[in-house]
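Engineer: One structure is given below, represented as structure tokens, and several questions about it will come after.
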Amino acid sequence: MQSVSRSWLLLSGFVLFYVIYLLFGALVFSSIERPVEERLRHDMQVLTEEFLNRSCVNAASLELFLLKVLRANKYGVSVIGNFSGATNWDLPSSMFFANTLVTTVGYGHTSPLSDAGKAFSIFYALLGVPFTMLVLTACVQRLMYPLVIAPVSALQKSGLNPRPATTIHFVLLLVLVLLAFFLAPAAVFSTLEASWTFLDGIYFCFISLCTIGLGDFVPATQPGVKHRGLYQISVMVYLFMGLMMMYLLLSFFHKMADLHGLTTLLQLPRCDDSDLEDDREPIVGGEPKAPPLKDKAASKPLDPSSQASYNSISKG
């Protein structure tokens, strides 16, 4: 009974902290963004008045024209002269859209124009999203042993205790991911995209690999992009590999939280022993296991310390 009461108390604390965190974010965003929005509104009002004073177009006609332009821009159709010939539905662009759909990044820079396209998007995502998660999980399972379990075991053999060994390796892996999937790609994007700064590149990488996908920065959408199709395919590869490494980091952090007792303290689910044993067994493409031999040696319980798995790392 006491355990149940503590569990509900912790849950109430989580919900309360979540609400407070949202309010904190709202206050910060409001204080930062609202003045910028007001200046932009004032600039647009001044620009509109100057345009109306210099032309014979009335305010109603201009508003109707702008509404149609904005509606077309919502679907990725631009009226800019030097970009009007580009299509958003050639093969590379369509693959890029399909990739953002099944990875749940969803930039929103392009969306289906027709009812048939919207209906197919529902069906396509219904199958594509879980299949993408399956592929990512299978890839992470194959990478878990060489990138996590084996290095931590090597650190333990060098004389480190399990907790400092996992912490050191997690920090090293985190630094590697930051360099390879945030800083380096941000430098590339800021070079290829003329209007992007280095901070814009980091912002895009973070928004994309966290599957937030706000859509305010999307590669290969500016006029005059060379080799646009190859560029989009390269971004697709980057997104898949980045999502895979983010999933690997989260899995490693969960295992490390088990080792340090954080999941027990917060009464969160632990990594099952069977899941830890399966880190070396791929979801797909594995060889069938031979049936166990029925003899006296096989009937004896095995010594847990003799099993090479993450369990041997996470205890001590």
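Engineer: Taking Leu230 as the residue in question, decide whether it is open to solvent by less than 20 Å² (accessible area, probe 1.4 Å), at pLDDT 85 or above and out of contact with any Gly (no Cβ under 9 Å at 6 or more places or on another chain).
Structural biologist: No: the conditions fail for Leu230.
Engineer: Just checking, which of Phe97, Phe24, Phe123, Phe29 is surrounded by 12 or more Cβ atoms within 10 Å (Cβ to Cβ) and assigned to a helix (DSSP H, G or I)?
Structural biologist: Only one candidate qualifies: Phe97.
Engineer: Only one of (1) modelled with pLDDT of 65 or more; (2) open to solvent by less than 80 Å² (accessible area, probe 1.4 Å); (3) in contact with an Asp or Glu (Cβ under 8 Å, 6 or more places away or on another chain) fails for Gln307. Which number is that?
Structural biologist: (1)
Engineer: Would you be able to tell me the number of residues in region 57-83 that are modelled with pLDDT of 85 or more and open to solvent by 90 Å² or more (accessible area, probe 1.4 Å)?
Structural biologist: Count: 4.
The values are calculated or read from the model by the stated rules, or taken from the named source; none is laboratory data. Since the structure is predicted, the reported quantities are computational estimates derived from the model, not experimental observations. Cβ: placed from backbone, ideal geometry, glycine included. Neighbour counts: every protein chain shown. Just so you know, the surface numbers come from the protein's heavy atoms only, side chains and all, with ligands and any DNA or RNA stripped out. Shrake-Rupley method; radii C 1.70, N 1.55, O 1.52, S 1.80 Å.
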